[in-house]
1. Using only the alpha-carbon atoms, how far is helix 75-101 inclined from the longest principal axis of the chain? Give it as 0 to 90 degrees, nearest 10.
2. Give, rounded to the nearest 20 debye, the magnitude of the charge dipole that the range 262-369 has about its Cα centre when Lys and Arg contribute +1 at Cβ and Asp and Glu contribute -1 at Cβ.
3. Could you work out how far the C-alpha centroid of the range 1-63 sits from that of the range 156-172, in angstrom?
4. Tell me the mean residue ellipticity at 222 nm calculated for the chain from its helices only (DSSP H runs of n ≥ 4, each -39500 (n - 2.57), averaged over every residue, nearest 500).
5. List every residue whose amide H lies under 5 Å from the amide H of Val162, counting only residues 5 or more places away in sequence or on a different chain, with H placed 1.01 Å from N in the peptide plane.
6. For every other residue with a beta carbon closer than 13 angstrom to the beta carbon of Val274, add +1 if it is Lys or Arg and -1 if Asp or Glu, then tell me the sum.
7. Of Ile24, Ala48, Thr64, which is farthest on the positive side of the dipole of the range 1-70, counting Cα position, with +1 on Lys and Arg Cβ, -1 on Asp and Glu Cβ, and the Cα centre as origin?
8. Name the aspartates and glutamates eligible as straight-distance cross-link partners of Lys368: C-alpha to C-alpha under 14 Å, and not fewer than 8 places from it in the same chain.
Amino acid sequence: MASEALLPLGSALDRVLPRVRRDILNRLLPTLLAQPEAAQPLLAQVMAGAYATGVQTGWVVHGTLLGGVPTSLTGRAAREWRDRAFEHGEVIANRFGHLLEAEPTVAQLTRHASVAGESSVWAGQDAAAAEVAILAEAEWKVWVRAWPRKEHRDWHDALEGVTIPEENLFTLPGGPNQGAQVYGPRDWDAVPDAGEHLNCAHALRYQRHATAEDLEGTKRGVGVIYTPPTASATWAGTDPQQTEALLAGNTNRAFVATLDEALAQALGSQARAVQLSADTLAKQRRNHPEVPESLYRQIDELIKNADTVLVMANGTDLGFIAPTDTSPIFFAVKTTRARNELFLVSLHYMNSHRVEGKVRKAQRVIRKR
């Protein structure tokens, strides 16, 4: 997809960023310079406002581009975003507290405040874009230029147009952070030198489908970005060493199981190999700490020994219910929209009442022993 697809974001930011800059120059800086210790509440308020401005901009632009999602916030959603904005403002205010201790010059303080305001807008935009992508069930993301700029960074331009699955990470092909893996252009926490990300003029364009033309940009991309699954990967078997590397945090994904032909056909999937991603593993460890690590090594065995196999109501997931030494375990395998990859997406214990509920709500039952 051409980078022009996200130029509406650049136009929208051109309208809102000057307002944020004026707010910083006219409201915030005079107070920071006159009474820096007493300016924390105002600082938090201004940065929260900048974040909220970014949220509104990202929500409208990405919602319009994706279609099928509301481009205005409900009252409840607006309150949730307001709370997030104030949390963001407090974080920025606390960081400025440390800066003020170093007694910065007027020029340094002005620069830091301006950069914080702009980055707050971008942070809100990025968060809203990701939220809209979830609502729209976007499967893919593209690294695109939000608006034309005179200053170019070769390593960012090399990534322009690269299309990868939404949950994957980009690998930066050059620059001070060469080799770093990032979710998107301003993934500050993933790189040691975040400065280059603050003003790179790029953003993520989410989309539901990826065409051959989209993936051509990926093939031209510099560095190890993403390779669409090959026949061998699609049919790959389990790899215990890869699973151990995933559990140790040394790789982004691992093949943990293989579906038989009938189960793959139930999802209309070309793939047979089931993958577990690092993001899903992290979510599992956070939400289901009761699940022992050993079970992630036994997914293939659990699939084969499952008492019940269901096609879930959404038609893209298989649900498996397998016995364990304690309670029954439920886990789901999801196919991507392109039907060329399979992922383990959930794994947790279940009581008999919830098991019966899953069976009742399923689209159909494939196996029930």
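1. On a 0 to 90 degree scale, this one is about 60.
2. Its charge dipole is roughly 420 debye.
3. After rounding, the separation between the Cα centres reads 26 Å.
4. -14500 deg cm²/dmol
5. Trp143
6. -2
7. Ile24
8. Of all the aspartates and glutamates, those that pass the test against Lys368 - Cα under 14 Å, at least 8 places apart if same chain - are Asp307, Glu356.
Only the coordinates and a few stated rules stand behind these numbers; no lab work does. Everything numeric here is computed off the predicted structure, so don't read it as measured data. Here the Cβ is made from the backbone with ideal geometry for all residues, glycine too, and neighbour counts use every protein chain on show.
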